[in-house]
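The structure under discussion appears below in the form of structure tokens.
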Amino acid sequence: MEALQELQELRDKIVNKAIVVGYSFGMLSYVITFIRALEYGFNWAFACISLVVLYLGILTFYRKRINLNLKIFSIAIVILAALVTGLSHFGYMVSSKAYIILIPIFLSFVIGYRKAFVMLLVFSGCYMFFGILYMSKVLPLNVDANVYALSPVAWGMDISIISLTALALLIVGRLYSDTIVNNLSTIKSKNEELESKQRKYQLLFENSIDAIVLLRDGVVVDVNSSAQEMFKAKTDELVGKRIVDFLPELQSDGSDSEDLMAYVTDQLSKKKVVSFEMQHKRMDGTLFDADVKIAVLQIEDGFHYQAVLKDVTHRKKQQKEIGKYREHLERLVEDRTSELNTVNEKLQNSNNELTEQHKKLRKSYADLKSMQKKLIEAEKMASIGLLTAGVAHEINNPLNFIQTGLYSLQNQVDSSSPDSVFEKNQEVLGYMEEGVRRISNIVNSLGSFNSNASVKFKKSDVVEVVNNCLTVLNHKIIDRIQVVKNFTEEKIWVYGDENGLHQVFINVLHNAVQAIKNDGQIGVDIEVKNDKVIVYIKDNGIGMSKHTVSKMFDPFYTKKTLGEGTGLGMTIVYNVIKEHRGSINVDSKLGEGTQVKIQLPIYNI
């Protein structure tokens, strides 16, 4: 295809140059013709030649835009018109008869010998036709041959036509000579490349993993080694036989093998490649399944078919086994689905039962929450109950001050002088005032332990809460436990539930008091650090084991004896601290005492 294109370009180049040269000599000839017309007169032949020259000029100007065949046809028409015009006026003396030789030789280079020979017959026939007309005197000869032979114009016309003819042949010969010389190395290189490709193709053909069979008209032309191995035959046993000879009469699906091959051939007339699966037969008669891909190839001696075969017998066997396994799985799935549907029905029934149980559990949970509140309230009341006797004792002491003072005042009214009575009264009133103050403090402290008060967060003073708790517990502390305070009486505010905070510190302090069996010391330190208030409550009591410390915040866990508590005290403490976004840590050792560290965020206004 590439060589034909190069030849076509060469022909077009030759024709273009011939047109330019022809037009140049044509103009020269036209000038001589014009001079000759001045001598012999202007006629229709001159007018015709003028039109031919004009047409040739247009053709020369647009030569690169015009199709090659059109240009060749135009040149032939122009030359034929010039020949006919000259013959009609000058007879056998016409100079353009040299074109009868030029045109066929020129055209043989560009359009082939057969067409050039036809053109030679046309030009020669035209020349003979006019010769017959002149010899039969149908056309009169208007030019005297003796006079014409001695005319310089005639000789000029002849030499211009002969020179044009020779020059045209020289140009064509030079162009072909240059082309052959320039393309010899290219042709050689392409031949070597073609041979290399042929060797590569042969190498690929012979060493292909797949079987390759080359067919022409249904007959095996060539096979590779893989095909020999596949069909269990040698090359000479395969080549020359029809491909249907290697097919069973009927395929595995019952279709006729020859009908199937006819269908494939029909498809190949519409497509370049056809893929299908077909059962084949080896030389020993055994059958095998093969994937076949057939492609149409155009080789020098005609159309061939290249069949690439791949043995898929093992794959087909596996597919059948997979199909059986799939069917088995489908049956298993169906059986399992049926079982699952049955189980699902049971689960649905169980789900309904669970829904009912969930409703009951929610009701039970609500009852437990209510019971928890009651237990917490009971723990709070138990804490207050434990303190009731001590509070009564504390109130009795200041009441004794008041009663003693009243008794003294009654006895001193009659037995003492007015001055001494006044002094005694002042002293007695001081005792009575101290008693009233103590009772007031105790009452105020007890007011903070109102068990029915609702939870309400507000601005609360930690120092005041701790002091209130110490006051309430004073009856258990006095005369045996020393309380060491390490904090100022300045207010330290937190945002929280004041009742809950009282319950926290009363529980922790009460545990510290109970941990000291005889005499001892409780230290209460309060400090502010990093926007937190930290309260340390330390005692030198009996202490606790690691196991007890790890369990002390669990609900109902207690080491107290029956009647000393419910075991919810420290659980309540832990929950209250968490509600206040605080933390509580306990460090204790048996026989050395316990330290409780409580941190609460400071209230920032």
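The numbers here are math on the coordinates, done by the rules we state, and not lab data. Please read all numbers here as calculations on a predicted model, not as lab measurements. Backbone-built Cβ (ideal geometry, glycine too); neighbour counts: all protein chains shown.
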In Hz, Karplus ³J(HN,Hα) per residue of the stretch 513-529 (6.51, -1.76, 1.60; θ = phi - 60°; x = Gly, Pro): 5, 5, 6, 9, 6, 10, 7, x, 9, 10, x, 10, 10, 10, 9, 10, 8
Over the stretch 208-311: Kirkwood hydrodynamic radius from C-alpha pairwise inverse distances, Å: 13.8
Amide H contacts of ILE602 (H built 1.01 Å from N, under 5 Å, at least 5 apart or other chain): LYS532, VAL533
Mean separation of Cα contacts under 8 Å (6+ apart) over length of the stretch 208-311, as relative contact order %: 28
Fewest-first sequence of HIS510, HIS358 by Cβ atoms within 10 Å of each Cβ: HIS358, HIS510
Sequence ranges 238-245, 340-347, ranked by mean other-Cβ count within 10 angstrom, highest first: 238-245, 340-347
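Treat the count of other C-beta atoms within 10 Å as a stand-in for reagent exposure and order LYS281, LYS270, LYS232 from fewest to most. Walk me through the intermediate numbers first.
Numbers: LYS281 17, LYS270 7, LYS232 13.
Ascending Cβ contact count within 10 Å gives the list LYS270, LYS232, LYS281.
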Relative contact order of the stretch 448-601, defined on C-alpha pairs under 8 angstrom at six or more residues apart (%): 23
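Please report ARG282, ARG114 as a ranked list, fewest other C-beta atoms within 10 angstrom at the top and most at the bottom.
Values: ARG282 13, ARG114 9.
With the sparsest Cβ surroundings first, the list reads ARG114, ARG282.
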Per-residue HN-Hα couplings for the stretch 303-309 [Karplus 6.51, -1.76, 1.60; θ = phi - 60°; Hz; x = Gly/Pro]: 7, 10, 10, 9, 9, 10, 10
Kirkwood Rh and Cα Rg combined as Rg over Rh, evaluated for the stretch 448-601: 0.94
